[in-house]
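Working notes for the structure below.
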Amino acid sequence: MDKKIAIDIASQLLKIKAVTLSPKEPFTWASGIKSPIYTDNRLTIAYPKFRQTIAEDLALLIKEKYPEVEVIGGVATAGIPHATGVSNILDLPLNYVRPKKKDHGKKGQIEGRCQTGDKVVLIDDLISTGGSILKAVNAVRETGAEVIGTVAIFSYDLPESTTNFATAETKLYTLTDFPTLIQVAKEQGYIEENDTELLEQWYKNPEGWCK
């Protein structure tokens, strides 16, 4: 992870309020985990300059980590606009992957280019446990294409996601992550000094943090 890019992206996410920090009144995730942070990176598509910056930074990351890439894939729905931007910059074919197959027509799950032997990099907007993007990885692999890796804008950097990606034998690189975000939020006054400890406690033990 490029430190300057990580700090710049975290700063912009906080500025547009894509990330909300509320350590005193935590959010409840779908999994039931109480969390002091809520991330909605879908807001990034409303800011053309920032959206372009994200695409350029993801393209640089992909060129560095996966130079053999042949196809860019987006995880529906939040990963699609960013994958589109990257595919334009790299001048590569594009696909996107639904959470599940359609129940009508050809009943497909993947739209766009996805052929046997293709070397694909999948893009999502954020990573919590990795469930969504890893389902997309499996769907692409089922076509005979090769997922050479994944990238995302932001990761909570939780142990469960590290385990899940290792089990799936899939690499992940992100532009920024939770530790960087908290550092930037503290330095720029988005959170109070005494909130930092609560956020760090959650990061170390998200499932048992608020029980």
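The values are calculated or read from the model by the stated rules, or taken from the named source; none is laboratory data. Quantities reported herein were computed from a predicted structural model and do not represent experimental measurements. Methodologically, a virtual Cβ is constructed for each residue, glycine included, from the backbone with ideal geometry; neighbour enumeration extends over all protein chains shown. Heavy atoms of the whole protein, side chains included, go into the accessibility calculation; ligands, DNA and RNA do not. Shrake-Rupley method; radii C 1.70, N 1.55, O 1.52, S 1.80 Å.
For a quick protection proxy, order the peptides 176-187, 44-55 by their average other-Cβ count within 10 Å, most packed first.
Working: 176-187: 19.8, 44-55: 16.0.
The densest-packed peptide leads the list: 176-187, 44-55.
With 27 Å as the limit on Cα-Cα distance, the pairs of LYS34/LYS186; LYS3/LYS171; LYS15/LYS135; LYS100/LYS171 that go past it are LYS15/LYS135.
How much mean residue ellipticity at 222 nm does the chain get from its helices, if each DSSP H run of length 4 or more adds -39500 (n - 2.57) and you divide by all residues, to the nearest 500 deg cm²/dmol?
Values: 7 runs with 85 residues, N = 211.
It comes out at -12500 deg cm²/dmol, rounded to the nearest 500.
Say the dipole of region 125-211 comes from +1 at the beta carbon of Lys and Arg and -1 at that of Asp and Glu; which of THR176, LEU198, GLY131 then lies farthest toward its positive end? Value computed over the given set: GLY131. Across q = 0.08, 0.09 Å⁻¹, the chain modelled as identical point scatterers on its alpha-carbon atoms has Debye log10 I(q)/I(0) values of -0.28, -0.35, in the order of the q list. Placing +1 on each Lys and Arg Cβ and -1 on each Asp and Glu Cβ, with no other charges, gives the chain a dipole about its Cα centre of roughly 740 debye.
If you plug the beta carbon distance of GLU25 and THR77 into 1/(1 + (r/R0)^6) with R0 = 22 Å, you get a FRET efficiency near 0.20.
For the chain, the relative contact order comes to 21 percent (Cα pairs under 8 Å, sequence separation of at least 6). To the nearest ten degrees, helix 193-204 and the longest principal axis of the Cα atoms of the chain are 40 degrees apart. Note on LEU92: accessible area approximately 40 square angstrom, rounded to 10, probe 1.4 Å, nucleic acids and ligands left out. To the nearest ten degrees, helix 80-90 and the longest principal axis of the Cα atoms of the chain are 60 degrees apart.
Could you order THR143, THR170 so the one with the most accessible surface comes first? Probe is 1.4 Å. Don't skip to the answer; put the middle values down first.
Values: THR143 50, THR170 15 Å².
Ranked list, largest accessible area first: THR143, THR170.
Axis angle, to the nearest 10 degrees, between helix 3-15 and the longest C-alpha principal axis of the chain: 70 degrees.
With the whole protein complex present, VAL69 retains an accessible surface near 20 Å², based on a 1.4 Å probe.
Using heavy atoms of the protein chains and a probe of 1.4 Å, the accessible area assigned to LYS15 is about 140 Å². Taking the centroid of alpha carbons for each part, region 89-148 and region 149-211 are 25 Å apart.
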